[in-house]
Amino acid sequence: MAQSEPGAMSSEAKVYPAPAKLNLMLRVVGRRADGYHLLQTVFRFIDYADTVTIRVRHDARIERGSELPGVPVESDLTIRAARLLQEETGSRMGAEIGVEKRIPMGGGLGGGSSDAATVLLALNRLWNTGLTRMELARLGLMLGADVPVFIQGRNAFAEGIGEELTAIDIPPAWYVVLTPAIAVPTARVFAHPDLKRDAKAIRIRSFSAGVAGNDLQAVVCSEFPEVGRHLAWLEQHGPAMMTGSGASVFAAFESEREARAVLAELPRDMRGFVAAGLERHPLHALAD
């Protein structure tokens, strides 16, 4: 990272959470002419999060405050988010952005999208750019299909490519989430010839919270047996499924005690965590 000029930085760094998400249901209901798949899914936020640290700059420069192994600066969604907000609003402010990663990359938990959304929400306030939640979501969609739900800030039933969001209430739950030590490439999953692409669309009222199935799961488990192994272990303790395009799998429980009891039995060669479902994104008020 380049050294900052005296006076370029504000005096105080701000720290913000970027929570993970689970897909409680994911159906592939079609494909657009441009190749994008049409989905129906349910997003649920959980209290397992990355930490984003932002220090405002007064010289319009956007820099990383810490390295992110395996992610070049030009591919870093947090940097791209800050630059996009700057370009769209004409802001002359800048920022130094650091991310402490807890959410595994390539795990289907939305970490990169969540980090980007947190940057948009925070900088919109810190730079006084004054965009509405809808305007921020529009920018977020330019970065990725999962970014808008983190900006909307509510658990949601999503359609289209994941950007048509309807806020829903989901009962409290605790989750055991297992995170195989592999990164599943989303593009490879959606391009797979065996992927089912014609699931029957459902209505919001037809969804009931719990384990409702993921149309990507069979393809991922066939291509990445380690995902299937983690899923099979978790299914011994109740209904379980994969989130997003993998590799993480999860099961829901009524209490923290039940969830932690299951995690305590996890084999030594597997890893995972327990998390509570959230009613809304912890930064929901930033876009009000």
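The values are calculated or read from the model by the stated rules, or taken from the named source; none is laboratory data. Since this is a predicted model, take the numbers as computed values, not measurements. Cβ sites come from the backbone with ideal geometry, for glycine too, and all protein chains shown count toward neighbours.
Of the residues 176, 227, 220, 262, which is in contact with a helix residue (DSSP H, G or I) (Cβ under 6 Å, 6 or more places away or on another chain), surrounded by 17 or more Cβ atoms within 10 Å (Cβ to Cβ) and over 21 Å from residue 113 (Cβ atoms)?
Result: 176 is the single residue among 176, 227, 220, 262 that is in contact with a helix residue (DSSP H, G or I) (Cβ under 6 Å, 6 or more places away or on another chain), surrounded by 17 or more Cβ atoms within 10 Å (Cβ to Cβ) and over 21 Å from residue 113 (Cβ atoms).
Among (1) among the β-branched types (Val, Ile, Thr); (2) assigned to a loop (DSSP other than H, G, I, E, B); (3) touching an Asp or Glu at 6+ places or on another chain (Cβ under 9 Å), there is one condition residue 99 misses while meeting the rest; what is its number?
(2)
Give all pairs with beta carbons closer than 8 Å in which a residue from segment 253-271 that is under 10 Å from residue 173 (Cα atoms) meets a residue that is in a helix (DSSP H, G or I); count only pairs at least 6 apart in sequence or on separate chains.
Every condition considered, the pairs that remain are 253/259; 253/262.
Got at least one residue in segment 129-147 being β-branched (Val, Ile, Thr), more than 16 Å from residue 76 (Cβ to Cβ) and touching a residue at least 24 places away in the same chain (Cβ under 8 Å)?
Step one: of segment 129-147, the residues β-branched (Val, Ile, Thr) are 129, 132, 147.
Applying the additional criterion that residues be more than 16 Å from residue 76 (Cβ to Cβ) yields 129, 132.
Then keep just the ones that are touching a residue at least 24 places away in the same chain (Cβ under 8 Å); that gives 129, 132.
There is at least one residue in segment 129-147 that is β-branched (Val, Ile, Thr), more than 16 Å from residue 76 (Cβ to Cβ) and touching a residue at least 24 places away in the same chain (Cβ under 8 Å).
How do the pairs read when you match residues in segment 38-52 that are of a type in the set (D, E, K, R) with residues anywhere that are part of a strand (DSSP E or B) and surrounded by 21 or more Cβ atoms within 10 Å (Cβ to Cβ), using Cβ under 7 Å and keeping only pairs 6 or more apart or on different chains?
Listed pairs, sorted by first residue: 44/21; 44/22; 44/24; 47/19; 47/275; 50/18; 50/99.
Being assigned by TED's automatic domain parsing to the domain that holds residue 23, among the polar types (S, T, N, Q), surrounded by fewer than 21 Cβ atoms within 10 Å (Cβ to Cβ) and part of a helix (DSSP H, G or I), is that true of even one residue in segment 106-123? Step through it out loud before you land on a result.
Filtering segment 106-123 for residues assigned by TED's automatic domain parsing to the domain that holds residue 23 gives 106-123.
Applying the additional criterion that residues be among the polar types (S, T, N, Q) yields 113-114, 118.
Of the ones still in play, those that are also surrounded by fewer than 21 Cβ atoms within 10 Å (Cβ to Cβ) are none.
Checking segment 106-123: not a single residue is assigned by TED's automatic domain parsing to the domain that holds residue 23, among the polar types (S, T, N, Q), surrounded by fewer than 21 Cβ atoms within 10 Å (Cβ to Cβ) and part of a helix (DSSP H, G or I).
Just one of 246, 238 is surrounded by fewer than 16 Cβ atoms within 10 Å (Cβ to Cβ) and either on the phi > 0 side of the Ramachandran plot or not assigned by TED's automatic domain parsing to the domain that holds residue 181 (or both); which is it?
Details: 246 fails: surrounded by fewer than 16 Cβ atoms within 10 Å (Cβ to Cβ).
Unique residue meeting the criteria: 238.
Being closer than 18 Å to residue 282 by Cα and in the same structural domain as residue 146 (by TED's automatic domain parsing) is true for just one of 87, 74, 100. Which residue is that? Spell out how you get there, then give the answer.
On the way: 87 fails: closer than 18 Å to residue 282 by Cα; 74 fails: closer than 18 Å to residue 282 by Cα.
On inspection, the qualifying residue turns out to be 100.
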